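The values are calculated or read from the model by the stated rules, or taken from the named source; none is laboratory data. The structure presented is a predicted model; accordingly, all values stated were derived computationally and were not measured. Note that each Cβ is placed from the backbone with ideal geometry, even for glycine, and that neighbours are counted across all protein chains shown.
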Amino acid sequence: MADRPLVVVLLATHEGVEFLREQVDSILAQRGVEVRIVISDDASKDATPALLQELAADPRVQLLEPGRFGSAHANFLRLIRDADVTGAAAVAFSDQDDIWNLDRLARQLEQLREADAVSANVIADFGDRRVLLDKAQPQRSFDYVLESAGPGCTFVLTPHAFDVVRRVVVDDPEAAAAPIHDWLVYAIVRAAGLRWHIDKAPVIDYRQHDRNVAGANIGLGSARTRLARLRSGAFRTEAAVIARIASRVAEGAERSRLAALASLLERDDLRARLTLLRGVGSLRRRASERVVLAGLLALGLW
């Protein structure tokens, strides 16, 4: 119906034929909204390109010229740069392998009345069990430097917030070096002083399988992987990239604070660690993660 708000959905694909049809069906079946799906495929060698041509028979599905981007991050940046979002009341992000609740977009559009961007919890679906992934802890002043708001596949932005993100992606030469698109998008929106709401209610089934680019991050294996990245310095390097980009988005005192934080993250000395330790309360949403980070800083492991 013409009076229903249009949501443009940005969907990145790469060899996702096993899950893609169910994902697209759940988007096209959204209640209370009109949708236009813009899809960018990254050099799929399976049957994904053929399925995409079939799906594009629906006029609500638009295919960008396929390319070779090399990562989900690069593919989503391409979508942010190139997708036609004309007329959209909101812009949403989608993975290729989830299933959306049918009222997902209608619910999040209501939340956009009081925010510039929203995200939500998800149900991680392992096939034999389902687990709530809770990312809805109260936001801290600089949590976006060290973490995303949750899975990017739950993000919905107002046209203004999306335009801010698009300008940074186009103009900031370091955007391509950011670790992953959802963390980058969250940081840009927050650094710009815009309002972000994290919904406690799950809005998608976040299907887990052996080809997930970024999975549910639960269990001992994921914990060991995260600790290894912390101790190697990789996570600190990634956070410094995010902080530098955010500092160029922010204004006034916030810009200076972010530049100083980026400088601390670029260093690995006792004074930098102690300064970060004093400010650890602003860096993570979850209390237990603030405790872990404080311990790692105090022990000189991060």
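Search region 70-106 for residues being among the acidic types (Asp, Glu) and more than 16 Å from the chain's Cα centre (by Cα), and hand back the single one that is nearest to residue 117 (Cα to Cα).
Looking at the filtered set, the residue picked out is 103.
Would you confirm whether or not region 141-158 contains a residue that is of a type in the set (Val, Ile, Thr), at pLDDT 95 or above and assigned to a strand (DSSP E or B)?
Yes; the residues of region 141-158 include at least one that is of a type in the set (Val, Ile, Thr), at pLDDT 95 or above and assigned to a strand (DSSP E or B).
Taking the residues in region 249-284 that are among the basic types (Lys, Arg) and crowded, with 16+ Cβ neighbours inside 10 Å as candidates, determine which candidate is farthest from residue 186 (Cα to Cα).
273
Of all residues in region 236-272, count the ones that are touching a helix residue (DSSP H, G or I) at 6+ places or on another chain (Cβ under 6 Å) and either assigned to a helix (DSSP H, G or I) or aromatic (Phe, Trp, Tyr) (or both).
Count: 19.
Residue pairs, Cβ under 6 Å, 6 or more apart or interchain, first in region 51-68 and in the same structural domain as residue 16 (by TED's automatic domain parsing), second assigned to a loop (DSSP other than H, G, I, E, B) and surrounded by 14 or more Cβ atoms within 10 Å (Cβ to Cβ). List them.
Correct list of pairs: 63/56; 68/43.
Among the residues of region 79-118, write down those that are under 22 Å from residue 179 (Cβ atoms), touching a residue at least 60 places away in the same chain (Cβ under 8 Å) and charged (D, E, K, R).
Result: 81, 95, 97, 98.
Here are the criteria: (1) within 22 Å of residue 206 (Cα to Cα); (2) surrounded by fewer than 24 Cβ atoms within 10 Å (Cβ to Cβ). Tell me which single one residue 156 does not satisfy.
If we test residue 156 against (1) within 22 Å of residue 206 (Cα to Cα); (2) surrounded by fewer than 24 Cβ atoms within 10 Å (Cβ to Cβ), just (2) comes out false.
Mind listing just one residue for me: the one in region 168-213 that is at pLDDT below 95 and part of a strand (DSSP E or B) and, of those, surrounded by the most Cβ atoms within 10 Å (Cβ to Cβ)?
Among them, the one singled out is 206.
Right, residue 23: within 19 Å of residue 104 (Cβ to Cβ), in the same structural domain as residue 177 (by TED's automatic domain parsing) and of a type in the set (S, T, N, Q) or not?
yes
Tell me, which residue of region 116-138 that is in contact with a Lys or Arg (Cβ under 6 Å, 6 or more places away or on another chain) and within 14 Å of residue 287 (Cα to Cα) is surrounded by the fewest Cβ atoms within 10 Å (Cβ to Cβ)?
Here the residue is 137.
Could you please find all residues in region 9-50 being out of contact with any helix residue (DSSP H, G or I) (no Cβ under 9 Å at 6 or more places or on another chain), surrounded by 19 or more Cβ atoms within 10 Å (Cβ to Cβ) and either of a type outside the set (Lys, Arg) or modelled with pLDDT under 95 (or both)?
23
Go through region 1-20 and report how many residues are in a strand (DSSP E or B), of a type in the set (A, V, I, L, M) and more than 17 Å from residue 109 (Cα to Cα).
2
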